[in-house]
Amino acid sequence: MVSIRLQRIGRRKQPYFRVVAQDKTKDPWDKSLDILGTLNPRTKEVTLNEERIKYWISVGAQPTERLHNLFVDKKIIEGKKVKTIKISQKRAAKIAEKKEAENPVEEVKEEKVAEAEPVVEEIKEEKKEEAEVKVEEKTEEKEEVAK
């Protein structure tokens, strides 16, 4: 099966890509069937041979996700863009666990706040009673000293 993909030809730390039609099982650095254009990701410069791209797609070549999205942007092919980032099942499970772990924590906090409010009110009442008792004791002491 033929695929349309990127072939890196740039130097180290200076990426530059060719858009090539190549057998899917071949090494990306191996010879390609056809050079369809270039892509410079640093300057966003893109040169594409639309006629050859349409030919290879009509023959059955499948573009990679990134190139599919690029072709949709350049209106070479029609359709919706494809997601290029794929999350593994393991990572998706971790994210789901994290979300589930966060939700109960919020519920527990709300429960603790609800439980704490009556306790706080009881403590306030006890402090008021203690303060009243102390005031009464002081007034009694003053009366005794005054006698």
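A short reminder: the numbers here are calculations on the coordinates, not readings from a lab. Predicted model only: the values in this text are computed from it and were never measured. Counting neighbours? That spans all protein chains shown, and the Cβs are built from the backbone with ideal geometry, glycine included.
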Contour minus Cα-Cα span, LYS124 to LYS75, at 0.36 nm per residue, comes to 10.5 nm
Taking the chain as a Gaussian network, Cα atoms linked when under 10 Å apart, which of VAL133, VAL59, VAL82 shows the biggest mean-square fluctuation?
VAL133
Using helices alone, I'd like the mean residue ellipticity at 222 nm for the chain: each DSSP H run of four-plus residues gives -39500 (n - 2.57), total over residue count, nearest 500.
-18500 deg cm²/dmol
In nm, give the distance between the simple-model label positions of GLU50 and LYS24, each being 7 Å from the Cα along the Cα-to-Cβ direction.
2.8 nm
Holding the Cα-Cα limit at 26 Å, pick out from LYS13/LYS90; LYS24/LYS98; LYS44/LYS83 the pairs that are longer than that.
LYS13/LYS90; LYS24/LYS98
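Provide the gained length on full extension for the span ARG11 to ALA101, in nm with one decimal, where the gain is 0.36 nm per separating residue minus the Cα-Cα distance.
Answer, rounded to one decimal: 27.8 nm.
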How far is it, in nm, from the label point at GLN89 to the one at LYS134 when both lie 7 Å from their Cα along the line to the Cβ?
6.6 nm
Dipole of the range 2-73, Cα-centred, from +1 at each Lys and Arg C-beta and -1 at each Asp and Glu C-beta, to the nearest 20 debye?
440 debye
Order of LYS127, LYS26 from fewest to most other C-beta atoms within 10 Å?
LYS127, LYS26
